[in-house]
Amino acid sequence: MKTITLNIDGRQVQGASGQTIYEVARENDIHIPVLCYHPAAKPAGACRVCVVEVAGARSLVASCAQPITEDMVVNTKSDRVIAARRLATELLLSSGNHNCLVCEANGQCLLQELAYELGIEQPRFSVSPPGYGIEEENPMIIRDMDRCIVCGRCVRACNEVQVNRVLDFSYRGKHATVGPAFGTTYEDSECVFCGECVSVCPVGALTEKQGRFKGRNWEVKKVRTTCSYCGVGCQIELNVKDNKVVKVTSDYELGEPNHGSLCVKGRFGHDFIHHPERLTKPLIRKDGKFWEVSWEEALDYTAKRLKEIRDKNGSDSIGVFTSARCTNEDNYVLQKFTRAVIGTNNVDHCARL
Amino acid sequence: MTNSISEAAESAVFLLTGTNTTENHPVIAAKLKQAVNKGAKLILVDPRNIEIAKFAALHLRQRPGTDVAWINGMMNVIIEEGLYERDYVEGRTEGFEKMKEVVKKYTPEFVEKISGIPAADLIEAARLYASSKPGAIYYAMGITQHTTGTDNVMSLANLAMLTGNIGVLGGGVNPLRGQNNVQGACDMGALPNVFPGYQRITDEAIRAKFTEAWKPVMPLSEKVGLTIVEMTNAAHEGKLKALYFMGENPMVSDPDTTHVREALKKAAFIVCQDIFMNETTELADVVFPAASFAEKDGTFTNTERRVQRVRKAVGPIGESRPDWKIIADIAERMGYPMQYRSANDIFEEIRKVTPSYAGISYDRIEKTGIQWPCPNEEHQGTRFLHKDKFVRGLGLFNAIEFREAAELPDDEYPLLLTTGRILYQYHTGTMSRRSEGLNFRSTGPFIEMNPRDARDYGVSDDEVVLISSRRGTVEVRAWVTDRVNRGTIFMPFHYAEAAANVLTSTFLDPIGKIPEYKVSAIKIEKKKKKATG
Ligand code: SF4
Ligand code: SF4
Ligand code: SF4
């Protein structure tokens with residue numbers, strides 16, 4: 001890989017051949033706003049907000065798609081650039097329903113950030129959303145195409161990243177939009193609810209239904225952990241507010257092994273955590289029925305019975321089933337207990353099942 | 001996995017078998033599909049017409065239970081046509097000649113008779129796999145859940161060695177683990193024959209080491225313990241008096257449910273730790289409320305050996321406690337203090353006794369997990385195994401003959417049942433069936449039945465039928481589809497109300513001790529119409 005030197009906003013910076021202007025700027029903490037760019041997919045150069053001025057080029061170039069060249073001179077903040085960005089942003093603001101008051105994306109919306117950065121209080125064009133209405137029949141994903149800026153991130157995520165080939169661009173009426181083929185709902189399409197489209201949507205057009213009205217982005221604490229379903233071990237973020245997991249999100253930046261991709265189980269299958277049927281108290285069976293008892297009583301009783309059986313029938317009369325769903329620490333402690341306290345190697349788990 | 005998930009981008013060819021990847025490991029499936037879009041070739045060997053078949057250059061549909069035959073067949077072609085890696089075989093392996101002798105008779109025509117795979121397809125698959133490098137093999141329970149499961153796995157290893165695909169980036173033999181922490185539970189010694197880190201309990205020096213580290217109240221036993229299915233059998237015979245379950249539900253997950261229920265009823269004392277009541281806790285004497293993964297700290301080890309953090313996000317639900325804490329409190333009452341203050345305390349102890357984990361610490365995996373073996377703090381972890389040299393020295397070819405499954409269809413039970421999972425459910429459903437989204441997309445219990453079988457039995461789509469094996473009968477809705485071949489019935493096992501494992505047999509692989517979930521003989525009957533009037 002060849003090192004290339006170029007000039008961005010008067011600074012000499014270096015990048016590798018094949019990198020784009022946007023990537024090199026980002027690595028050097030030079031801010032260029034983007035909407036349609038996403039690191040997991042091929043650049044589309046469609047939204048026109050990442051435009052920059054390159055000395056010698058006649059028109060502005062999309063920095064997310066333009067490879068760097070030796071001695072290139074780039075200006076990311078010239079008047080021409082700002083004017084183009086403003087125009088693109090105002091067109092987007094006026095062509096949709098961007099009422100932030102009750103939007104789930106409020107606080108992490110790239111369009112909102114852009115309007116703020118450019119100081120746009122009111123677009124100069126009249127606001128006329130297409131009027132698609134909200135699709136919220138399924139319990140996982142809410143689609144509000146009046147908030148869609150047709151950046152195409154979801155289309156590329158569905159086709160290039162998850163390769164589920166559900167989403168595409170289409171026209172409904174005179175408006176360009178995105179969605180499953182033939183204008184069907186997610187529910188009636190081949191969608192497998194992986195939610196990749198939701199995780200890359202830069203605005204509030206695609207959001208998680210579970211989290212609706214449950215907490216603002218700045219109110220939730222995102223706790224990074226590992227998915228509790230399959231062996232891929234995807235990195236997920238539990239979004240917590242008031243001691244409750246309100247939704248699950250993911251982030252490309254969390255890296256291996258999943259780079260922000262999840263499946264339906266990891267993204268939408270963790271509502272069992274607060275399910276009302278969770279066991280909350282130790283139970284002991286007496287006279288054929290379960291009774292809630294104190295921890296002391298349950299622990300004392302269990303220890304006493306295990307000791308009796310071990311001492312009377314021998315260590316090998318006890319069998320222990322550990323779990324492929326519990327942590328390494330849980331499994332370690334239970335096999336140690338089995339071997340060191342019960343005195344048997346009768347310990348196994350459902351790896352084989 | 002010998003190799004890593006991210007290496008899918010490096011492979012030129014994939015051989016996928018016995019894994020319904022898009023449903024069971026969807027994010028790995030996404031990486032495979034991405035690679036296919038970029039030009040990698042996919043060979044699928046699976047009896048069912050599953051989603052990923054759309055991405056396959058070749059799809060071979062074998063009769064379930066004939067894996068050794070087609071794998072030997074591929075090797076036969078590769079050897080006959082001189083497509084194998086001579087240098088690799090000579091320099092890094094042993095046992096080649098014996099294996100070659102055995103596979104000699106597995107000509108494509110012979111294999112076609114056993115497996116139903118057309119000879120020409122097998123030849124094409126063999127050529128494609130052997131001539132594109134590197135080639136990665138992925139498999140899951142469709143390979144292991146057979147009485148020949150160990151043979152199947154060893155055969156795949158033979159195939160990979162023959163083509164020089166073990167110990168290279170983008171190659172390997174990669175089992176996809178079903179449940180999130182199967183790898184970790186095995187690493188931690190939750191197995192009847194090994195301590196943590198696969199150190200043998202039969203080795204006196206190892207026992208001495210653990211005696212020193214643990215100071216046990218009972219002498220560490222040198223006797224290999226019982227596996228899950230053996231424990232159930234022993235309980236059935238009255239030999240096991242007490243059973244302790246941590247987050248397991250054998251009433252749904254284990255073969256032959258009726259037998260399991262009887263076994264559990266015979267035990268004098270049953271303890272369960274779980275997050276929900278289930279079919280197994282219902283039979284317990286004591287049930288402890290356990291914390292879920294969201295309420296505790298710890299680590300899981302994923303299918304590529306990556307040790308990753310689990311972090312406490314919310315406080316305990318009710319009075320629930322982490323599993324390790326419950327066990328430690330019982331141990332203390334039995335005269336063995338386990339004074340861990342945190343999960344990290346336990347992990348620090350794990351590192352001390354488990355050489356492959358020695359270099360891993362919570363600090364080091366704060367951002368990104370590390371893949372074992374990681375012998376010391378300077379070590380970056382291991383992306384793929386057997387680089388330059390096999391762990392045992394030379395890679396060993398095993399000469400393996402094909403054996404039929406234990407229970408084959410016959411006149412009385414003419415159909416072949418194979419079980420598995422679906423995308424929207426997980427294992428016994430304890431978690432997934434309590435999720436609104438997952439249940440919205442999943443339809444409840446069903447079987448897949450070929451249209452020709454449906455015609456033969458007069459079954460229409462969506463009709464509820466009775467299916468029986470020698471062990472029991474269940475009622476279930478039929479989905480008429482060519483996802484399965486004629487003669488084969490597929491059924492997911494997540495559902496207690498129509499439990500596939502009422503039907504499955506307890507025949508085990510003699511070495512792996514894995515039940516043969518992928519082949520049982522069954523029959524189908526129409527439900528009798530209720531008399532009207
Ligand atoms: S949820 Fe997944 S499959 Fe469905 S449209 Fe979005 S990206 Fe595509
Ligand atoms: S739904 Fe979101 S990601 Fe998709 S095109 Fe619209 S704004 Fe972009
Ligand atoms: S998100 Fe899906 S693929 Fe990833 S670990 Fe969880 S269950 Fe597995």
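The values are calculated or read from the model by the stated rules, or taken from the named source; none is laboratory data. Note that this is a predicted model, so its numbers are computed, not measured. Virtual Cβ from ideal backbone geometry, glycine too; neighbours counted across all protein chains shown. Just the protein is used for accessible areas: all its heavy atoms, side chains included, with ligands, DNA and RNA removed. Shrake-Rupley method; radii C 1.70, N 1.55, O 1.52, S 1.80 Å.
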Identify, by number, the condition in (1) buried (at least 17 other Cβ atoms within 10 Å of the Cβ); (2) more than 16 Å from ligand 3 (Cβ to nearest atom); (3) under 30 Å from A:K241 (Cβ atoms); (4) at pLDDT 95 or above that A:S323 doesn't meet.
(4)
Among (1) away from chain B (no Cβ under 12 Å); (2) within 11 Å of ligand 2 (Cβ to nearest atom); (3) not β-branched (V, I, T), there is one condition A:E104 misses while meeting the rest; what is its number?
(2)
Restricting attention to the stretch B:202-225, and to residues there that are in contact (Cβ under 8 Å) with a residue 24 or more places away in the chain and not in a helix (DSSP H, G or I), which single residue is surrounded by the fewest Cβ atoms within 10 Å (Cβ to Cβ)?
B:V217
Would you please list the contacts, defined by Cβ atoms under 9 Å and residues six or more apart or on different chains, that run from a residue in the stretch A:14-39 that is within 21 Å of A:C154 (Cα to Cα) and part of a loop (DSSP other than H, G, I, E, B) to a residue that is within 16 Å of ligand 3 (Cβ to nearest atom) and open to solvent by 20 Å² or more (accessible area, probe 1.4 Å)?
A:H38/A:Y252; A:P39/A:Y252; A:P39/A:H259
For the stretch A:44-66, indicate whether the set of residues that are out of contact with any strand residue (DSSP E or B) (no Cβ under 8 Å at 6 or more places or on another chain), small (G, A, S) and not in a loop (DSSP other than H, G, I, E, B) is non-empty.
no
Odd one out for B:Q145 among (1) surrounded by fewer than 24 Cβ atoms within 10 Å (Cβ to Cβ); (2) under 25 Å from B:M1 (Cα atoms)
(1)
Would you say B:G318 is more than 8 Å from chain A (Cβ to nearest Cβ) and of a type in the set (G, A, S)?
no
Is it true that B:E94 is among the acidic types (D, E), touching a strand residue (DSSP E or B) at 6+ places or on another chain (Cβ under 8 Å) and farther than 26 Å from B:L32 by Cα?
yes
Somewhere in the stretch A:123-143, is a residue within 14 Å of ligand 2 (Cβ to nearest atom), charged (D, E, K, R) and at pLDDT 95 or above?
yes
Among the residues listed as B:A35, B:A8, the single one being touching a Lys or Arg at 6+ places or on another chain (Cβ under 6 Å) and small (G, A, S):
B:A8
Within the stretch A:117-134, is even one residue of a type in the set (A, V, I, L, M) and exposed (fewer than 14 other Cβ atoms within 10 Å of the Cβ)?
yes
I'd like the residue in the stretch A:189-221 that is surrounded by fewer than 15 Cβ atoms within 10 Å (Cβ to Cβ) and within 12 Å of chain B (Cβ to nearest Cβ) and, out of all such residues, is farthest from ligand 3 (Cβ to nearest atom).
A:K221
Residues that are more than 18 Å from A:Y301 (Cα to Cα) and either at the interface with chain A (Cβ under 7 Å from one of its Cβ atoms) or among the hydrophobic types (A, V, I, L, M, F, W, C) (or both), drawn from the stretch B:325-346
B:M338, B:A343, B:I346
Subset tally (residues that are within 16 Å of ligand 3 (Cβ to nearest atom) and in contact (Cβ under 8 Å) with a residue 40 or more places away in the chain) for the stretch A:154-163:
3
Meets criteria (away from ligand 1 (no atom under 16 Å from the Cβ), modelled with pLDDT of 95 or more and either in a loop (DSSP other than H, G, I, E, B) or not polar (S, T, N, Q) (or both)) for A:K222
yes
Condition check: out of contact with any Lys or Arg (no Cβ under 6 Å at 6 or more places or on another chain) and more than 14 Å from ligand 1 (Cβ to nearest atom). Does A:K214 satisfy that?
yes
Looking at (1) touching a strand residue (DSSP E or B) at 6+ places or on another chain (Cβ under 9 Å); (2) hydrophobic (A, V, I, L, M, F, W, C); (3) not assigned by TED's automatic domain parsing to the domain that holds A:M145, can you tell me which one A:L114 breaks?
(1)
Could you tell me which of the residues B:S253, B:S320 is in contact (Cβ under 8 Å) with a residue 60 or more places away in the chain and either surrounded by fewer than 24 Cβ atoms within 10 Å (Cβ to Cβ) or hydroxyl-bearing (S, T, Y) (or both)?
B:S253
Cβ-Cβ under 7 Å, sequence separation 6+ or interchain: first residue in the stretch A:52-69 and more than 19 Å from A:A41 (Cα to Cα), partner assigned to a strand (DSSP E or B) and among the charged types (D, E, K, R). Which pairs?
A:L60/A:E53
Checking the condition of a type in the set (S, T, Y) and within 13 Å of ligand 3 (Cβ to nearest atom), which residue from A:T225, A:T185, A:T177 passes?
A:T225
For the subset of the stretch A:158-193 comprising residues that are within 13 Å of ligand 2 (Cβ to nearest atom) and among the aliphatic types (A, V, I, L, M), which member is farthest from the chain's Cα centre (by Cα)?
A:A176
Residues (more than 16 Å from ligand 3 (Cβ to nearest atom) and either of a type in the set (G, A, S) or within 14 Å of chain B (Cβ to nearest Cβ) (or both)) located in the stretch A:138-153
A:N138, A:P139, A:I142, A:G152
Is it the case that B:A358 is touching a Lys or Arg at 6+ places or on another chain (Cβ under 6 Å) and either free of Cβ contacts under 8 Å to residues at least 60 places away in the same chain or at the interface with chain A (Cβ under 8 Å from one of its Cβ atoms) (or both)?
yes
Take B:E279 and decide whether it is more than 7 Å from chain A (Cβ to nearest Cβ) and either open to solvent by less than 10 Å² (accessible area, probe 1.4 Å) or under 27 Å from the mean Cα position of the chain (by Cα) (or both).
yes
Being open to solvent by 10 Å² or more (accessible area, probe 1.4 Å), within 21 Å of A:G231 (Cα to Cα) and hydrophobic (A, V, I, L, M, F, W, C) narrows it down to one of B:F300, B:F293, B:F347, so name that one.
B:F293
